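Just so it is clear, none of the values below were taken in a lab; they were calculated from the coordinates. Since we're looking at a predicted model, the values are computed, not measured. Neighbour counts are summed over all protein chains in view; Cβ atoms, including those assigned to glycine, are modelled from backbone coordinates with ideal geometry.
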Amino acid sequence: MTYRIRGLDPALFAGQLALDDTGLAGTRARREIAGEGRYPCRVTLEDAAPGEALLLTHYANHAVESPYHNAFAIYVRAGATVAADYVDSLPPVLRARPIALRGYTAAGDLHRAALALADDVDAQVRKLLADSQVAYIDAHNAMHGCFAARIERD
């Protein structure tokens with residue numbers, strides 16, 4: 001079974017990136033500079049380097065009209081222009097960190113979930129997708145809860 005992981009479309013954030021700080025505040029966003037640690041960009045699916053400019057914004061990754069609607073803060077690199085695209089491989093933001101995987105039905109209802117704690121995201125994704133009722137998976141950073149990426153059948 002093949003799966004695909006794509007970064008978010010950078011066009012979704014172009015308008016916010018063009019705003020000044022006052023305008024950004026009105027969109028539940030702000031500019032930040034990456035420090036030491038992890039600042040995972042949801043467009044490139046890589047961690048930003050220290051000193052790199054970022055947009056910290058509110059994003060609805062699971063915008064369904066149900067109790068499973070989900071939104072949280074995410075980072076986007078200011079210079080991100082191309083969305084990452086991975087087929088049957090994992091981007092850096094899903095490696096070497098605890099990842100919570102939420103498997104949803106086509107109707108957007110949570111059906112199954114798994115934790116990948118030992119850099120075993122690929123194995124856990126394949127187990128979830130083996131269930132025909134799982135239409136897609138949303139990956140979240142297990143510790144902070146923020147959306148990391150969507151995983152779809154390819």
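Show that you can apply the helix-only estimate: for the chain, add -39,500 (n - 2.57) for every DSSP H stretch of four or more residues, divide by all residues, and state [θ] at 222 nm to the nearest 500.
Helices in the chain give a 222 nm mean residue ellipticity of -3500 deg cm²/dmol.
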Mind running the shape call on the range 13-100? Use the C-alpha gyration tensor, a ≥ b ≥ c as the square roots of the eigenvalues: rounded below 1.5 for a/c, prolate if a/b tops b/c, oblate otherwise.
oblate
Starting at the first residue of the range 118-131, write each ³J(HN,Hα) from the Karplus equation 6.51 cos²θ - 1.76 cosθ + 1.60 with θ = phi - 60°, in whole Hz, x for Gly and Pro.
10, 6, 10, 4, 4, 4, 5, 4, 4, 5, 5, 6, 5, 7
Any chance you could check the Cα centroid distance between the range 85-154 and the range 44-62 for me, in angstrom?
19
Explain nothing, just the number: relative contact order of the chain, from Cα pairs under 8 Å at least 6 residues apart, as a whole percent.
25
Can you give the FRET efficiency to the nearest 0.05 for D109 and A53, using r as the Cβ-Cβ distance and R₀ = 35 Å?
0.40
Would you mind telling me which residue in T22, T57, T105 has the biggest mean-square fluctuation in a Gaussian network model of the chain, where springs connect alpha carbons within a distance under 10 angstrom?
T22
